[in-house]
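No value in this document is a laboratory result; all are computed from the given coordinates. Just so it is clear, the model here is predicted, and its values are computed rather than measured. FYI the Cβ positions are ideal-geometry reconstructions off the backbone, even for glycines, and counts take in every protein chain you see.
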Amino acid sequence: MDNPVAAEHIRHVTPDEAAKAAARRRRAGEESSLSVTRRARKIQRILAETYPYAVAELDFDDAWQLLVATVLSAQTTDVRVNSVTPILFATYPGPQELAEAEPESVQEIVRPLGFYRSKARSIQALANRVVDEYNGEVPGKLKDLITLPGVGRKTANVVLGNAFGVPGVTVDTHFGRLARRLGWTTQEDPVKVEKDVTALFPPKVWTELSHELIYHGRRICHSRKPACGVCPIADLCPSYGEGPTDPQVARKLLAYELKPGREELLDRYMNGATRRELRAEGHTLSA
């Protein structure tokens, strides 16, 4: 059977192969911790091949911009945040400028994100703390970051991993859902999920794994109806069959650059184009 996903680099698993793998797992019974680790690492390698362009989907030039963008991303999309932050950072380039800004002006800029009054207050409180306690520089340690207004472990790990090169796992909604679906954890609490998942992988892949799992959750492994029939890790997933297994049906569920008809966008990603370059070229990066 031809690969129903129009991308040669994406691993193709037929429904028969996935069904046989699921049957083998049922016969084997409860999975050992060693088996979980081996399966998890194989999944990560496949996801790395599937999404070699996976990076933080928030635009930023430095740690401060990433910190603010991540705080603003709560309860909204990265695409929408990326449409607002260029104006915000052009108007208030750093924490000092934002701390001294008129609250009404900040609220007006972040209005498109929803909850704009609370978000404006949050990032201005953040700016004040960074100025007052860290001389205007974003701290590079988890213990310091999580004391800042609006910053929890998830946000702190995003900043550490992507701005400071400190390995960390970012447990957002997509990550936690996929970690459970893949049988890496049974926990719901993000801190406990982080502990279980980091035990399966060497620190050097923690940050990229975060991106890969989030990308996979947004593009293929959707919450209500995962595209199991075109999933490159279908034969390694204990939840195979939660979504349609027919490849042609599943193909219609693909999103973002994997969505049918967006082959040019995928090709540009694969050839190293940045998100900013793609937007400048007129590509819409939403689902």
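The computed semi-axes √(5λ) of the Cα gyration tensor in Å for the structure shown corresponds, within (1) 37, 22, 15; (2) 37, 25, 23; (3) 42, 19, 16, to (1).
Judged by the mean number of other Cβ atoms found within 10 Å, the most tightly packed of the peptides 209-215, 224-230, 48-54, 11-17 leads the ranking 209-215, 224-230, 48-54, 11-17. Taking Cβ atoms as reference points and 15 Å as the exclusive limit, the residues near V169 contribute a net charge of +2, counting Lys and Arg as +1 and Asp and Glu as -1. For P149, neighbours were defined as the other residues whose beta-carbon sits under 14 Å from its Cβ, and their charges (Lys and Arg +1, Asp and Glu -1) total 0. Net charge dipole, the chain: roughly 1300 debye, given to the nearest 20, about the Cα centre with Cβ charges of +1 for Lys and Arg and -1 for Asp and Glu. Scalar couplings 3J(HN,Hα) for region 23-35, obtained by applying the Karplus form with A = 6.51, B = -1.76, C = 1.60 to θ = phi - 60°, are 5, 4, 5, 5, 5, 6, x, 4, 7, 6, 4, 5, 5 Hz; x denotes Gly and Pro. Rounded to the nearest 20 debye, the dipole size of region 63-163 about its Cα centre is 500 debye, using +1 on the Cβ of Lys and Arg and -1 on the Cβ of Asp and Glu.
Between region 185-255 and region 58-131, the C-alpha centres lie 30 angstrom from each other. Number of Lys-Lys pairs in the chain with C-alpha atoms under 19 Å apart and a separation of 8 or more places or on different chains: 15. Computed 3J(HN,Hα) for region 100-116, one whole-Hz value per residue from the Karplus formula 6.51 cos²θ - 1.76 cosθ + 1.60 where θ = phi - 60°, is 8, 6, 5, x, 5, 5, 5, 4, 5, 5, 8, 3, x, 7, x, 6, 5, glycine and proline marked x.
Considering helices alone, the calculated mean residue ellipticity of the chain at 222 nm is -16000 deg cm²/dmol, with DSSP H runs of length four and up weighted by -39500 (n - 2.57) and normalised per residue.
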